[in-house]
């Protein structure tokens, strides 16, 4: 009597079910990941605004005014004008207004023409506003 050889493996239908399940999980997970990354970059921008705020406070303690402070890509800049300061830039930081006793720093998403709810502003009293 000859033994029948058993074949072991997966059928095409079983493989297609697995591919479909992976596709569904991916379709659910990817938007969550994108949202997570967006929140992370936003948090980093707020932290970078705070760092610039501290640099402006040091500038104020020397000159007793915020006028003349610079946040750009020049050598005399008080802090980096991008967030994050290394890697892929997600936000541009700018000093919107500087008076003798007040300042406003803004983080705007790279490539955004307007704010549309995505810009973040920090005032001298550490008030954070989203525009």
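Values in this text are rule-based calculations from the coordinates and carry no lab data. Worth saying up front: this structure is predicted, and the values here are computed from it rather than measured. Reconstructed Cβ throughout: ideal geometry from the backbone, glycine too, with neighbour counts over all protein chains shown.
Which ones in region 51-72 are under 26 Å from the mean Cα position of the chain (by Cα) and either closer than 20 Å to residue 89 by Cβ or not in a loop (DSSP other than H, G, I, E, B) (or both)? Outline the logic, then answer.
In the first step, residues of region 51-72 are kept if they are under 26 Å from the mean Cα position of the chain (by Cα); the result is 51-58, 69-72.
Listed by number, the residues that qualify are 51, 52, 53, 54, 55, 56, 57, 58, 70, 71, 72.
So how many residues does region 96-116 have that are in contact (Cβ under 8 Å) with a residue 12 or more places away in the chain and over 18 Å from residue 83 (Cβ atoms)? Give the steps one after another, and end with the answer.
Kept after step one, since they are in contact (Cβ under 8 Å) with a residue 12 or more places away in the chain, are these residues of region 96-116: 96, 98-110, 115.
Narrowing the set further to residues that are over 18 Å from residue 83 (Cβ atoms) leaves 98-102.
Of the residues in that region, 5 qualify.
How many residues are part of a loop (DSSP other than H, G, I, E, B) and either touching a residue at least 12 places away in the same chain (Cβ under 8 Å) or on the phi > 0 side of the Ramachandran plot (or both) if we restrict to region 73-84? Steps first, please.
Taking region 73-84 as the starting set, the residues that turn out to be part of a loop (DSSP other than H, G, I, E, B) are 73-81, 84.
Checking the rest, the ones that are also either touching a residue at least 12 places away in the same chain (Cβ under 8 Å) or on the phi > 0 side of the Ramachandran plot (or both) come to 78-81, 84.
The number of residues fulfilling the criteria is 5.
Does any residue in region 4-28 that is assigned to a loop (DSSP other than H, G, I, E, B) come within less than 9 Å, Cβ to Cβ, of a residue that is surrounded by 10 or more Cβ atoms within 10 Å (Cβ to Cβ) six or more places away or on a different chain, and which pairs are these?
Pairs that qualify, where the first residue is assigned to a loop (DSSP other than H, G, I, E, B) and the partner is surrounded by 10 or more Cβ atoms within 10 Å (Cβ to Cβ), are 10/18.
With respect to residue 86, is the statement that it is surrounded by fewer than 10 Cβ atoms within 10 Å (Cβ to Cβ), closer than 22 Å to residue 120 by Cα and out of contact with any strand residue (DSSP E or B) (no Cβ under 8 Å at 6 or more places or on another chain) true?
yes
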